[in-house]
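The values are calculated or read from the model by the stated rules, or taken from the named source; none is laboratory data. Bear in mind the structure is a predicted one, so any value in this text is a computation, not a measurement. Here Cβ is always computed from backbone atoms with ideal geometry, including for glycine, and neighbour counts include all displayed protein chains. Only protein heavy atoms, including side chains, enter the accessible area calculation; ligands, DNA and RNA are left aside. Shrake-Rupley method; radii C 1.70, N 1.55, O 1.52, S 1.80 Å.
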Amino acid sequence: MPLFRAYNTPNCALELEGIAAGEAPQQVSILTHFACRFFHVPVTIAGGKDLLQQLAAAVATYTQGVLTAGWGEESLGEVQVGAVQLTVATAGTHRLRVKTEDAAEAYEVVLDTVQLFDLQDSLDRLGLDPETLPDVVPVLPALQQASPLLRRMRFPMAAVAGALSVVVAAVALSLLPVPEPVEEKGLESPPVPTQPVATGPGSTDPDPAPETVDRLRQDLFTRLDRAWRNPITFGTDAVFTVTVDADGQIVKYEPTPETAAIARGRVVPLDEELPLKSLLEPTAEAKPTVAFRVVFRVNEQLVVEPLLPQP
């Protein structure tokens, strides 16, 4: 069964396709294709596992140089790992160039420092994902620890102090340990429901087209990822079945029994802490729907996978 992973940040999207080859049916152990898209320019870097490893190593090495140079771009040198090259473009910008043997022309994109850190953030999240390419070893532990916190703090900080504050915060956060998840100690109270009742009678589409499923999956991932701004306060992955209609609107969601158990007795309901209740759009129309398995992991990674009827 093909598996898909996406690690999106405000400035780029890292998407992987692969298959499971071991006993874990949800673990991507063989990569068939990856694509790294940038939102500020129409450039997509794509290839296989070797190119992905070269990209991860080059970006980590160069980003470490940015940190240790104290933002003095003139002191940074060129980083070349295989087909991937990173150099200073102008003050505050960096040129990423990828030239593979089978490509007629090189991929080239100029990134400012915030966009560079977003690329590093996407690669960090891949490296920290235990269910995707476990043999790809993370290269830059300090930034990997900072990335989840940086992603949650990005928008409030940028609104107050500008984009440069986001980058400076990455340096400070890289020196801090990742806080342990805090288990809520709520008072004895009736269980808090995590699934509002969807009023629509919609029927699940028994055989949606693959391109429809892929479009809805990417759209759902983007909606959830952009809306997920609260830090994690639970110690176990939260797993939901999320149902969307043909327009990509969330019309229903339901926790697994394990997730429902950790939701009981919380001061803030779990579906309010996560971007579910705020995105719910129940409908009374009978539209076909598609269900997805959504995992909010304790390391602040998001997984969205289709739940299709098995033959």
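Tell me which of these Leu14 doesn't satisfy, since it passes every other one: (1) over 21 Å from Glu305 (Cα atoms); (2) in contact (Cβ under 8 Å) with a residue 24 or more places away in the chain; (3) crowded, with 19+ Cβ neighbours inside 10 Å; (4) of a type outside the set (S, T, N, Q).
Result: Leu14 passes all but (1).
Could you please tell me which pairs satisfy a Cβ distance under 9 Å, a separation of 6+ or placement on different chains, a first residue in the range 200-229 that is at pLDDT 85 or above, and a second residue that is open to solvent by 40 Å² or more (accessible area, probe 1.4 Å) and assigned to a helix (DSSP H, G or I)?
Arg223/Leu279; Leu224/Leu279
Within the bounds of the range 60-78, is there any residue that is buried (at least 16 other Cβ atoms within 10 Å of the Cβ) and closer than 18 Å to Glu131 by Cβ?
Within the range 60-78, none of the residues are buried (at least 16 other Cβ atoms within 10 Å of the Cβ) and closer than 18 Å to Glu131 by Cβ.
In the range 39-53, what count of residues is obtained for those that are without any contact (Cβ under 8 Å) to a residue 60 or more places away in the chain and open to solvent by 50 Å² or more (accessible area, probe 1.4 Å)?
Step one: of the range 39-53, the residues without any contact (Cβ under 8 Å) to a residue 60 or more places away in the chain are 39, 42, 46-48, 50-51.
Retained after the next criterion (residues that are open to solvent by 50 Å² or more (accessible area, probe 1.4 Å)): 39, 42, 50.
The number of residues fulfilling the criteria is 3.
Let me confirm something: among Arg215, Arg293, Arg223, Arg264, which residue is over 19 Å from Arg125 (Cβ atoms), basic (Lys, Arg), under 19 Å from the mean Cα position of the chain (by Cα) and open to solvent by 40 Å² or more (accessible area, probe 1.4 Å)? So that I can check it myself, show each step before the final result.
Working: Arg293 fails: over 19 Å from Arg125 (Cβ atoms); Arg223 fails: over 19 Å from Arg125 (Cβ atoms); Arg264 fails: under 19 Å from the mean Cα position of the chain (by Cα).
Answer to the selection: Arg215.
Can you name the condition, by its number, that Val242 falls short on among (1) of a type in the set (A, V, I, L, M, F, W, C); (2) within 20 Å of the chain's Cα centre (by Cα); (3) surrounded by fewer than 17 Cβ atoms within 10 Å (Cβ to Cβ)?
Of (1) of a type in the set (A, V, I, L, M, F, W, C); (2) within 20 Å of the chain's Cα centre (by Cα); (3) surrounded by fewer than 17 Cβ atoms within 10 Å (Cβ to Cβ), only one is false for Val242: (3).
Which ones in the range 267-290 are within 25 Å of Pro208 (Cα to Cα), surrounded by fewer than 15 Cβ atoms within 10 Å (Cβ to Cβ) and among the aliphatic types (A, V, I, L, M)?
Within the range 267-290, Ala284, Ala286 meet the criteria.
Limited to the range 259-311, what total is found for residues that are within 21 Å of Asp247 (Cα to Cα) and assigned to a loop (DSSP other than H, G, I, E, B)?
Residues flagged as within 21 Å of Asp247 (Cα to Cα) and assigned to a loop (DSSP other than H, G, I, E, B) within the range 259-311 amount to 13.
Restricting the search to the range 248-261, which residues are in contact (Cβ under 8 Å) with a residue 40 or more places away in the chain and open to solvent by 20 Å² or more (accessible area, probe 1.4 Å)?
Applying the first criterion (in contact (Cβ under 8 Å) with a residue 40 or more places away in the chain) to the range 248-261 yields 251-255, 259-260.
Residues satisfying the conditions are Lys252, Glu254, Pro255, Ala260.
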